[in-house]
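Mind having a look at this structure? Questions to follow.
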Amino acid sequence: MVEVKLDRQLAILYSVHKRPHCDEFLRAVHSWYNLVVFTASVKAYADPVIDFLEQDQRYFTNRFYRNHCTPRGGGYIKNLSLVSDDLTQAIIIDNSPISYADHVDNAIAIEGWINDPGDKELLYLLPLLNAMRYMHDVRSLISLRAAQHITELF
């Protein structure tokens, strides 16, 4: 349970569940990359959830929220240029394609998660992310994956 204070008078308790293998994923990826949270959630909701994720160790070097996003088409676009000047090494992992619409070649899509204890999506990402940390430009591999998915549609 995390307490979210939406204003000075009102605090709401939310039940938060970690995706399976979340802690293992964060420990590994934190040792390879500079991790940043970029969420379309408001700060008042996001901070308690992020604090819950980081209760044992500080994983994230910065936090970006809805106010850092650009509203478009009923969703929120995340501008990776706010996170890094070097997009050759920037990767966004997100379940919402609208979130990375302006940075498709930096994006790794992940299925959304709703309380499936057998989910292994974060484990499946580890070998790819491990290999990508040695690449000169991560977009070269990600754009190939995106092109492959497009050709599979035809």
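Any read-out appearing in this document is the output of simple, stated calculations on the displayed coordinates, not a laboratory observation. Worth saying up front: this structure is predicted, and the values here are computed from it rather than measured. For neighbour counting, all protein chains shown are included, and Cβ atoms are generated from backbone atoms with ideal geometry for every residue, glycine included.
Which pairs do you get when a residue that is in contact (Cβ under 8 Å) with a residue 40 or more places away in the chain, found in the stretch 37-61, comes within reach of a residue that is among the basic types (Lys, Arg) and surrounded by fewer than 18 Cβ atoms within 10 Å (Cβ to Cβ), reach meaning Cβ atoms under 7 angstrom, with the pair 6+ apart or on two chains?
ALA40/ARG66; ALA44/LYS5
Look at the stretch 127-142 and say how many of its residues are within 20 Å of SER31 (Cβ to Cβ), touching a residue at least 40 places away in the same chain (Cβ under 8 Å) and in a helix (DSSP H, G or I).
4
Looking at the structure I just gave you, is LEU26 closer than 23 Å to ARG133 by Cβ and not small (Gly, Ala, Ser)?
For LEU26, the condition - closer than 23 Å to ARG133 by Cβ and not small (Gly, Ala, Ser) - is met.
Taking LEU13 as the residue in question, decide whether it is surrounded by 14 or more Cβ atoms within 10 Å (Cβ to Cβ), free of Cβ contacts under 8 Å to residues at least 60 places away in the same chain and more than 21 Å from CYS69 (Cα to Cα).
Answer is no for this residue.
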